[in-house]
């Protein structure tokens, strides 16, 4: 199946990329649409609430060393129920991946090439992602190492150059939103953080699996800081109008003018963000083909790359009629769906595994 191993640093980079890549698009608007000027607080709370999911992901991986999520589900609840739940998790990963393709395809079409059919921007990243994952996890991780620093540094660079446009008054009044609105604002970023369960498909391929917890927790901390900066920067520049913008971070970038050297930095930023998007697509694409091969006990996942790619293309085309509706779905409906897989089912699996391990221990004691 997969023979490659990746280092802890590569895994840290990979987790961070596959969670933050899409947040450079409409993320601040989605949170501000629910929590208003207190969106920064919603983001902070979401980061703290995401740690139980990370703990469950790592803990289940340690209870079943060498096995991925798809493999140890069968160990926990039995072969056929396990296959059914494994199939549902694969469907969830399909849904995430098709959503990413839709978001990035729509972004390029909306902002830079409106005359080109959007489906073109679905096909191109899929082809690139398919090429990368054909070579395995190690190549995917090394490719991400090239783009990761640019993706992460793009935010502080924006922040530095828009400081003159920021106003602290745009955050005021603090706690203007109700507790319910602030809570609703946590749901979208919490679901984004919850994508860390994809790490459950990678833990067996770490060169040092015992460092999985450290990787997950530090990744979430960095992701939380990035989420907070994205929202705070957008609010400081535009105030409450952020919630009505389709791509607020891009609008922040358009404010930048670095003398006469860089009059319009957004094409450079777009190239960085789209590269991150392709890596995120490749990560979930890889997880889908690997998980499918494991579910059906295939020896190699590579023959699945083409058929899975075609399914992803079809799902992406039908994900939403346009970008606005895609973002509305992500903001208002996706959290309730995503959190079932990211927290509800993971918690259930953990408790069943815990009960079975205790039953096994008591049975061994009786035999002795």
Identify, please: which residue in segment 90-108 is under 20 Å from residue 24 (Cα atoms) and within 13 Å of the chain's Cα centre (by Cα) and is, among those, surrounded by the fewest Cβ atoms within 10 Å (Cβ to Cβ)? 95
Flag if residue 42 is touching a strand residue (DSSP E or B) at 6+ places or on another chain (Cβ under 9 Å) and on the phi < 0 side of the Ramachandran plot: no
One residue is enough: does segment 13-34 have a residue meeting the conditions surrounded by 23 or more Cβ atoms within 10 Å (Cβ to Cβ), at pLDDT 95 or above, closer than 24 Å to residue 53 by Cα and touching a strand residue (DSSP E or B) at 6+ places or on another chain (Cβ under 7 Å)? no
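Given 284, 327, 238, which one is modelled with pLDDT of 95 or more and more than 17 Å from residue 160 (Cβ to Cβ)? Spell out how you get there, then give the answer.
Working: 327 fails: modelled with pLDDT of 95 or more; 238 fails: modelled with pLDDT of 95 or more.
Within the list 284, 327, 238, the selection yields 284.
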Of all the residues that make up segment 311-327, how many are touching a helix residue (DSSP H, G or I) at 6+ places or on another chain (Cβ under 9 Å) and without any contact (Cβ under 8 Å) to a residue 60 or more places away in the chain? 2
Within segment 313-345, how many residues are buried (at least 20 other Cβ atoms within 10 Å of the Cβ), part of a helix (DSSP H, G or I) and over 16 Å from the mean Cα position of the chain (by Cα)? 2
Kindly provide the set of residues from segment 102-142 that are in a loop (DSSP other than H, G, I, E, B), out of contact with any helix residue (DSSP H, G or I) (no Cβ under 7 Å at 6 or more places or on another chain) and within 17 Å of residue 309 (Cα to Cα), ordered by number. 135, 136
Counting only residues that are loosely packed, with under 13 Cβ neighbours inside 10 Å and modelled with pLDDT of 95 or more, segment 262-281 contains a total of 0
For segment 287-301 the number of residues that are modelled with pLDDT under 95 and buried (at least 17 other Cβ atoms within 10 Å of the Cβ) is 0
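The values are calculated or read from the model by the stated rules, or taken from the named source; none is laboratory data. Here the structure is a predicted model, which means the values were calculated and not measured. Note: ideal-geometry Cβ built from the backbone for every residue, glycine included; neighbour counts use all protein chains shown.
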